[in-house]
Each structure stands twice: as structure tokens, then as C-alpha cells.
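Asks: Okay, handing you the structure first.
The values are calculated or read from the model by the stated rules, or taken from the named source; none is laboratory data. Owing to the predicted nature of the structure, the values given are computational and were not obtained by experimental measurement. Cβ coordinates were reconstructed from backbone atoms using ideal geometry, including for glycine residues, and neighbour counts include every protein chain displayed. What goes into the accessible areas is simple: the full protein's heavy atoms, side chains included, and nothing from ligands, DNA or RNA. Shrake-Rupley method; radii C 1.70, N 1.55, O 1.52, S 1.80 Å.
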Amino acid sequence: MDFEALFKQFLSGDVAQQASILRSLVIFLPELVLSGSIVLMLAARLVSLDRIIPTHWFALLGAMASFVIVLFQFWQFGQAQTAPVEVFTGLAIHDEFSIFFRGFLTFFLVFVIALTVLTGIPDDEDAPDFYSLLSGAVVGMMLMSSANHLLMLFIGIEMASVPSYAMTGFLKGKRRSSEAALKFVVYGAGAAGVMLFGISLLTGILGTAQFSELAPRFQAVFANHAGMQDPATRCVVLALLMITVGFAFKLSLVPFHFWCPDAFQGAPAEVGGFLSVGSKAAAFALLVRLTTSLAGDGTGALSQLSLSSGLALGLIAIVTTTFGNLAAYSQKNIKRMLAYSTIAHAGYMLMAVSALLVLQSVQSDLVFQGNHQQNGPRAMEGLLYYLCVYLFMNLGAFAIVALIRNQTFSEEIDDYKGLAQQVPVLAICMAICMFSLVGIPPLGGFYGKAFIFASVYEATNVHWFMWVVLATGGLNTVISLFYYLRVAKTMCIDARPADAAPVTLAASSSPALYVMLVSGMVVFLGIIIDPLSKVALHAAHALF
Amino acid sequence: MSPETLLTCIVFLPAVWAIPLVLFDAKAKDAMRYWGVLGTALTFALTLQLLMQFDSNKSGMQFKFDTPWISNWNVFFSLGVDGISLPLVVLTGFVCLLSMLASWSIEKNFKGYLMLFLILETGMMGVFLSLDFFLFYVFWEVMLLPMYFLIGIWGGPRREYAAIKFFLYTLAGSVLMLIAMLMFYFNSDRSFDLLELAKIAGGTSAGRSHVYGMSMQVAAFIMLFIGFAIKLPSFPFHTWLPDAHVEAPTPISMILAGVLLKMGGYGIIRIAFPLCPYGAQYAAYFLAALGVFSIIYGAFAAMAQTDFKRLVAYSSVSHMGYVLLGIAVWKIVDGKTVGREYWEMGLNAAMFQMIAHGISSTGMFFMVGVLYDRVHHRDINKFGGIAQVMPHYAGLAAVIFFAGLGLPGLCGFVGEVFSVLACWNFSPLLAIVAASGVILTAGYILWTMQRVYLGPEYKGPHPEALVEMNSRELAIGYTLVVTAILFGVLPHLLFDPMHGSIQALTQSLASSYETLYGAIQTSQLP
């Protein structure tokens, strides 16, 4: 059937179907606007319009418009108190949770584009390519956050990944950059293949790919099955493991993290900042949605599934956090260090998902004292708060790395010595980001971490293993102090060597203002917590 | 001024005061100095205003108010003051003003120094005034960052090592505190209110009695105690202190010894004991023994030092041992508190010792700093004959050191003698050992004074720099000497405001332990 035939079928179809598609398209508007801006950027180059109007304006306006539309949708949702809407015949879902993440991603896109404009990567010639990749990746991430179907899950992940590969290798002349991109592609392709296999197994056993159907089908299929002797059980476990591989790759969880340090070191810092926040957030949104729909109401066979997958994720979280922190300790290159820090933080955030699943596996009043209905949403609130702070603190760190690189052409931590004497703004903002990454109040990073630890603590009522998770989380906070502090110390305490390249940045210049804004947000989120925490809890409620 | 505004101002005035410093020209050092002095003086004036408004006849919290801060998590911005926190708040204001005046010798990047100093003061005030556990924790950590940089940037040669050691010890303690905090939060149906948590622990909260199990109380107490003992510092968590003190610049040493160490003692009195009476009582003998050991150990360690500042640092370990001893002398036989008035005396002594140590150790570090500013070394064996060249200085220093020694008539005496007396009821053996610590203290302080101040002439480096104190230094010195004498002669000035609160504390702890004991006997407690 060709396009014309499809179109004719649409026009001649019944009214209800047309209305549903139109409604879906309206909900899909933010993604459409972003895609439109991509088309505009590419078309502008055809007619040499980009010589007159710089390309980044198209990208920036597209991102802003799409953010505004998401905000409007959020407002609309709040007004009407509507139930979640399944769009495109159930392939995607439109609820507060997806709106939250779409807003998060478009907001983040605005900040990343602004950063690339300030640091001058890409140059005018490459700008349309770069920004189409960037916006395209964000469209993919937005699909990930609203996916409601296993197929959509895969499409979203691929759509977000492929532009990321290209962006990693964007510094074309550089060997390291190309190597990083190649590593990323090969790894990504492998992980995607395994994941697709897992998806087909799961779909085969449960007979559905619709998220909302997964739990009831699982309940029905495994109502009378017991233990690992059953081939169907083993098959499901295998399928889930394979899907976890795909997620572990996206979230750079140990042992699927090997691409991460190389890709971050090879890629420009702006891209590193984008990947570390954007793809992580989208992957967490997807993981949470998949696991909560798999766990369902946590009764019968689902309880066992929920508990064991929660504990498994907890184990991965422990290993990931510990490994990330220990490996970051010996890094000399700041981007590599930040890559390992990203790995460690993925571990902290995974603790929230693990706690959520463990908490969901028990529905008894006996285990918890007091009100436990809120446990699941609160675990998610912690994760969402963490992600929001993480956006600012990580973006701030990468932005400072990019700004310093533009002047000294170096990304070695040793070359940052004594920068506080030359550019106090950058040194102070970097210190704020670093301490927030450690999780020291009154900076935002602390609250996300504290909320997650609180959920993990609550989960210890269900299973003793969560004590191990909690203790590891606490211990890791102390370990991580060393390497974050080293950056702050190098910049603020050491003396600037006489032969070091000078760095200048006026405190009132736009890059300085940008950095101050981003790290100011880290401080702000550490003092005024209520609004964001309420929005996050509200979004989290959509899942339950 | 309404009490709410007053408390909020005391906490946030210093931090807000730091903001306009951005506009100052980096070269206008004098203007910044006076700005800083004005800020700390205003804060001190506000704390005095609080002292005026405080009614010492009441025993509970005064001026308490709550504003929702993180409403999803039941976190409140809740401040209040009682007889236990009030003296420490005033002490903080006092020590900060004096150390700001002692900051004249700071050269490098003065603007940054001042800003961090002021933020540090906000953190300290917040710790003493907050009544919400979460808020307390946040303020507790707020001090950490400025302190790290103050030691790390403006410190001596091994400053980086000292700063990271300080940071690491405190952070490790804080993580334990965080976990203990979560324990109370979830076991109390999501409350961070310290007063409410204490009520629940005592079984006097409506409908929620005996929810903290025995093992939970012991576990929480151990975690809280380690967190606070690091700050106190008590053996074996004290090793950060000598390094931090030696490397920190003089004014920061003054704050460290004068205020920061008190947070450990305050935390034990305000949080660890009321929230886990069972755990506290369980560990009481161990705590008292640890306190006594710290007294003796600190005194011996101080005796062995040749670095003047290190000596004073170890003397802090020794003196803070009396605080721990005074807090811990809670004697219980068959669930009943025996000789509660002795325990009350011990707690009073602990509080008094904290304030007295705040004055005497601030003074000692200041006196060391005065010498160091002139001759740029601190080797006790190279001193001698200072009294010949700087008689005025030597006189003031002698009073301060005697106050540290615990000479009757000076502030150090009251706290030491009362905590040892209170200990007699608890355990005569420990009391005897603790009392013998006084001899050791006298030993190292007299020996130090003999080596530094007495003797025929100064033979060390830079003899030409030994000039008499200037008027600013004299003002600081005299203020400290006068307060040391004042509290030594009129100790009731301090006992009066805190007596009521401490009495209420011991009463409620004694009765809550009694109910707990009853619950344990009938195995109602999990």
C-alpha cells in the first residue's frame, strides 16, 4: 500500500478513527514542531538562508516552541484532571509522567543549544547537521518517555541512539572522536540486537506488546507455573535479562558501561553533557514505565517478579555506583572523570527504581508502619527530583569544561590549577556543581539523593538486601567526595603555574552568565524545594 | 522585633551580609574588614537581644515557630531556642565577632575569606537554633564547605591534607546521621520534628508510644553518637582535630575550637539522648569511660607536643572529655534514675564546660596566633622569655591559660569540678581517674607557660618582631580575660538560663526510661 492509498483510506475512514488520529497528532505537537524545525534547518541550507539567519536560531526557536507547547499541555492536564490518554492506537501514552519528561527534555534541549551557541561548536558550515541530529535525538527521547508499546520502546531507543553516535564523532578530524563514535556504534548495535531479541521473546510468551496488557497477561500465563523448572519461566527471565542489557547500555550500567568513558572523552564536551543528561533521563523514564507496568499491582505471580527484578536492579546499582566512583578516582582527564561520575550517578538513580519495585511487590499493611500508599510515588519523586538537579549540575560541569577547553585547548584536570585566580566565576560555579554531585546540602544534589535513600530505607522493611543497597549508597557518597573535591581543590586552592595558558572571562559576559544561571539553579533547587518536589510527585502519581 | 524575625535574622543575617561583598573593590581591604566586623557585631547584638527576650524561668522551647519547607516530606523550617541552645548561640555570636577582629592578618583573597566566614556563621547559628532534624542536618552540612575552603585556602603548609581530613571525617559522620535520621522518620510516621520525635521516644506522644524498638534505639544511638563524637571530638575520632587546628589560620582555629566542637556536645544533648533514651542509657557507662579516657589521653598527648598550636588542640580533646563525662553520668538501677540531681549537675557542668572551653580555647588559640603573627613559628622549645619583651601580652595570656587549666575563680574550674563531682555518684572509679586529669592539665599548661613565657630571653628566630600587642589585639585579649573571670566568679550567670531546660530534660528522660523499662519488662517493646 503506498502513501496515496493510505491517505485515501484515512480520508474515507470513519469519523471516530479520524478524530482519534487528529487528537493524537495534536498531542504529538511538540515532537512535530521539533521535526518541523529540523526540516526548516535543512531547507534553509538549500536556499542559503543559513548565511543570513544563523541555523541555531531555527533550532532554538523550535526547542522553545516545543517546550511552551508541553507547558501548555501540562497546564491543560492540570485544569481538566483528565485520565491518561493512549495515542496512536495505544503505541504511546499521554499522561503527567510523559509530559514531565517531554518538558524536561525540551527544556534541556534549549539549554544545550544555548551552550553550543556560546562555545561555538559546531561552526556555521556544520550547524544544520549538528542541530538536526540534536533535535532528532530529542524527538527520539521524547518518544521513549511516552512509549506504551514494546515496539515503540525499541524505536524510541534507536531514534535517540543513532543521532548520538553521529554527534559523538562530530569532531571529524579527530582520531579519538571517530574511535569513540565507532565504539559507541558497535556497542549500541550489539545491545540493540540483544534487546530486540528479548522483546520478541517477551511478546511471544505474553502474546502482547502493549505495556498496559503486560501485567494481566503475565498474571494469566504464570498463574499456575512454579519455579525455574518451567521453561516458560526461564524464557521470561531470559527475555527480561536481554531487555535489561539494552537498558544497561543506555544507562551505562556496569558491565555495559565500557563505551561511556571513551565516548565522553572523544566527544565534544557539549555532546557529553547532552548524552549524560538527556539519554539518561529518557532511558529512566522508559525503564520506570516498563517496570511499573510489568509489576502491575504486585499481587500473585507479579509480586515475585517485582521483588526479584527489584533486587536484581539493586545489585546492578550497587556494582555500578561502586565501580563508577572507584574508577573516577584515578582519572586525569576531566571528561573521563565526569563519564565515570555519570556511571556512578546512574547507579544512585537505579536505586530508586530498585526500591520502587521492591516496595511495589508488597501490598500488606503489616510490613509498613503508617501510610504506605505513597511509597511508590515517593520513590519516583526522588528519582525525578534527582534527574532535574542532575540536569543542571552535570550540564554546568560540562559547560565549564567546554568554556575552559576553548581557551586552553586542554581537558586535563592538572591544567585547571589555580583557575580561581584568573576566572573566579568558573571556579566557583564548578565547585558548586562538584559539591552538588557529591550531595552536600544546601545544594540540590543532596535532596534527590536523600529522597532516594529514604525510599531505599523504606524498602528495607521488605527485604534485607536493601540494607546493603543503602549502606553502599552511603559509603559511595563518602568515596565520591575524593575525586569531586580534587577538581574543586585544583581550581580553587592550587596556585596557577606561571607557564599555564591564561584564561579570561568577564563576569558579565554571556558564557559567564550562562554558567552562573545553571549553577545558580543548583543552589536554588537546594533551597526552594517545594515546587519541583510537588510537580515531581504529581507526575509520579500518573504511573500508579 | 518579633521573636520569629529575630531568630530568622540571627540565622540568615551573616549570609545575607556576605552578598554585598561582591560589590567591594578587591583592594578596599579596610572597608571589607569593617563591613565584616559590622556584620558579626550586628549578629552578636541580635543574639544579645535574644538573651534579653528570653525568659529564664520557663523550661521549654521558646519562640518556636514552624513554616513548611518541603511539605511532601513533612520538613519544616522550624526554629526555637531554649536554655540549652541559648548560651551556645550567644557564644557563637561572641566568638565570631572576636575572630573577625582577629582576621586582620589574612592577606590572600580577603573578599572570598569574608564571604565564607559569614556563610560559616549562618551554618553554625542554624545548627543551634533548628528544631527540625532535616533542617539541622542541612545546617550541619552547610558549615562543611566554608570550613573546607577556609582551612584549604588560607591554612598553613599542610592545609590540603588537613582540610580533606576534616571534610572526610565529618562527611562520614553525617552519612551515619542521615541514616539514623531516616530511621526516626519512618518509625515515627514521617516526622522530622525533634520535639515530637523525643516525645515519641519517651512514650508521651498521643497514640504513638513505644514505636522505637530496643535494637533500633541502640543502632540509632551508635550512629548518632559517632556522628557527634567526630565533631566533639572524642577519642578515637579526634585525629582530624590536631591537623585541622594546626593548619587553619588563627581566626578559624578560634572558631573551630570555640564553636564547632560544641556542636558535637550540643547534638548529643539535643538529639542523641532525647531521641534514644534506651540507647543512651545502654551506652552510658561506655560514654563516661570514653570521656574520662579522652581527658587523660588528651592531656598526655598535649604534654608531648612541641608545636604550640598542636598542644592547644590536644588540650581541647582533653577538655571536651569533661563534656562527654558530664552528659553521660546517668545512673539507672532497676529502671529508676538514681540521683537525678547529680546527673542534672553533670549536664549543667557539661554545658558550662562547653561555654568555658569556648572562651578559654578561643583565647588560647588567639594568644598562639599573636605570637605566630610576629615570629612565624610555633615551636615551644624555641620560645622563652616572652614575658620580658611583651609583659602585657604575657599577663593576658597567663590568665587565659589558667582559665584553661581550671584555676578556681576562672571559668574553666566550674565545669571541670562539677562534672567530676557528678561522676562520683555514677562511678567513683571514673571520678578519681577524671580528677587526676586535672593534675595532668596543670602539668602541661604550667610547663608550657614556663617554656614559652618565662626564662631569661627569647633566642628563637625574628626576635626583633616581638612588639607589644596593638590596641585591636588588646581589645580581643581583654574581652576574653574579662569574660573568663566573669563566668569564673559568677557562674550563676550561665546556670540561671540553662537550669530550667536541663532540669526538664533530665526529668523527661528519666520518666521516659522508666516507661520504656516497664514496656521492656512486659515485652511490649519490639
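Asks: Search the range B:438-474 for residues being β-branched (Val, Ile, Thr) and under 27 Å from B:Pro408 (Cβ atoms), and hand back the single one that is most open to solvent (accessible area, probe 1.4 Å).
Replies: Per the stated criteria, the residue is B:Ile439.
Asks: Moving to a separate point now. Tell me which of these A:Phe451 doesn't satisfy, since it passes every other one: (1) away from chain B (no Cβ under 13 Å); (2) open to solvent by less than 10 Å² (accessible area, probe 1.4 Å); (3) touching a Lys or Arg at 6+ places or on another chain (Cβ under 8 Å).
Replies: Single failed check for A:Phe451: (1).
Asks: In addition: Taking the options B:Leu116, B:Leu145, name whichever one is touching a Phe, Trp or Tyr at 6+ places or on another chain (Cβ under 7 Å), closer than 17 Å to A:Ala488 by Cα, within 9 Å of chain A (Cβ to nearest Cβ) and open to solvent by 10 Å² or more (accessible area, probe 1.4 Å).
Replies: Within the list B:Leu116, B:Leu145, the selection yields B:Leu145.
Asks: Got at least one residue in the range B:180-203 being farther than 30 Å from B:Glu4 by Cβ and either more than 12 Å from chain A (Cβ to nearest Cβ) or among the small types (Gly, Ala, Ser) (or both)?
Replies: Yes, that holds for at least one residue.
Asks: Which ones in the range A:269-295 are surrounded by 21 or more Cβ atoms within 10 Å (Cβ to Cβ) and not hydrophobic (A, V, I, L, M, F, W, C)?
Replies: A:Glu270, A:Gly272, A:Gly273, A:Ser276, A:Gly278, A:Ser279, A:Lys280, A:Arg289, A:Thr291, A:Thr292
Asks: Any residue at all in the range A:416-433 that's aromatic (Phe, Trp, Tyr) and within 11 Å of chain B (Cβ to nearest Cβ)?
Replies: Within the range A:416-433, not a single residue is aromatic (Phe, Trp, Tyr) and within 11 Å of chain B (Cβ to nearest Cβ).
Asks: Within the range A:455-499, can you find the residues that are touching a residue at least 12 places away in the same chain (Cβ under 8 Å), over 21 Å from B:Leu144 (Cβ atoms) and within 11 Å of chain B (Cβ to nearest Cβ)?
Replies: Across the range A:455-499, the qualifying residues are A:Ser455, A:Val456, A:Tyr457, A:Glu458, A:Ala459, A:Asn461, A:Leu470, A:Ala495.
Asks: Checking A:Ala506 against (1) within 13 Å of chain B (Cβ to nearest Cβ); (2) of a type outside the set (Ser, Thr, Tyr); (3) over 31 Å from the mean Cα position of the chain (by Cα), only one condition comes out false. Which one?
Replies: (1)
Asks: Let me ask another. Evaluate the following for B:Gly123: is it assigned to a loop (DSSP other than H, G, I, E, B) and open to solvent by less than 50 Å² (accessible area, probe 1.4 Å)?
Replies: no
Asks: Hey, any hits in the range B:158-165 for a residue that's within 11 Å of chain A (Cβ to nearest Cβ), farther than 15 Å from B:Leu256 by Cβ and open to solvent by less than 10 Å² (accessible area, probe 1.4 Å)?
Replies: Looking through the range B:158-165, none of the residues is within 11 Å of chain A (Cβ to nearest Cβ), farther than 15 Å from B:Leu256 by Cβ and open to solvent by less than 10 Å² (accessible area, probe 1.4 Å).
Asks: Take B:Ala403 and tell me if it is outside any loop (DSSP other than H, G, I, E, B), modelled with pLDDT of 85 or more and closer than 19 Å to B:His245 by Cβ.
Replies: When the stated conditions are applied, B:Ala403 passes them.
Asks: Further question on the same structure: When only residues in the range B:166-179 that are at the interface with another protein chain (Cβ under 9 Å from one of its Cβ atoms) and either aliphatic (A, V, I, L, M) or closer than 22 Å to B:Leu114 by Cα (or both) count, which is surrounded by the most Cβ atoms within 10 Å (Cβ to Cβ)?
Replies: Result: B:Leu178.
Asks: Right, A:Ala536: at the interface with chain B (Cβ under 10 Å from one of its Cβ atoms), farther than 30 Å from B:Ala219 by Cβ and surrounded by 16 or more Cβ atoms within 10 Å (Cβ to Cβ) or not?
Replies: Answer is yes for this residue.
Asks: Return the only residue of B:Lys27, B:Lys58, B:Lys64 being open to solvent by 50 Å² or more (accessible area, probe 1.4 Å), more than 14 Å from chain A (Cβ to nearest Cβ) and more than 30 Å from B:Ser508 (Cα to Cα).
Replies: The conditions single out B:Lys27.
Asks: Of all the residues that make up the range A:322-345, how many are in a helix (DSSP H, G or I), polar (S, T, N, Q) and over 15 Å from the mean Cα position of the chain (by Cα)?
Replies: 2
Asks: Residues to consider are B:Leu430, B:Leu509, B:Leu466; find the one that is in contact (Cβ under 8 Å) with a residue 40 or more places away in the chain and farther than 30 Å from B:Tyr282 by Cα.
Replies: B:Leu466 is the lone residue from the list that is in contact (Cβ under 8 Å) with a residue 40 or more places away in the chain and farther than 30 Å from B:Tyr282 by Cα.
Asks: Then there is this: Being within 14 Å of chain B (Cβ to nearest Cβ) and touching a Ser or Thr at 6+ places or on another chain (Cβ under 9 Å) is the filter here; which residues of the range A:509-524 pass it?
Replies: A:Ser519, A:Val522, A:Val523, listed by residue number.
Asks: Go through the range A:419-438 and report how many residues are open to solvent by less than 10 Å² (accessible area, probe 1.4 Å) and in contact with a Lys or Arg (Cβ under 6 Å, 6 or more places away or on another chain).
Replies: 0
Asks: Let me ask another. Could we say that B:Lys262 is open to solvent by less than 10 Å² (accessible area, probe 1.4 Å), part of a helix (DSSP H, G or I) and basic (Lys, Arg) here?
Replies: Spelling it out, B:Lys262 is indeed open to solvent by less than 10 Å² (accessible area, probe 1.4 Å), part of a helix (DSSP H, G or I) and basic (Lys, Arg).
Residue-wise test of (1) of a type outside the set (Asp, Glu); (2) in a helix (DSSP H, G or I); (3) open to solvent by 10 Å² or more (accessible area, probe 1.4 Å).
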| site | (1), (2), (3) |
| --- | --- |
| B:His319 | yes, yes, no |
| B:Leu324 | yes, yes, no |
| B:Glu341 | no, yes, yes |
| B:Asn348 | yes, yes, yes |
| B:Met351 | yes, yes, no |
| B:Met354 | yes, yes, no |
| B:Gly358 | yes, yes, no |
| B:Gly363 | yes, yes, no |
| B:Val368 | yes, yes, no |
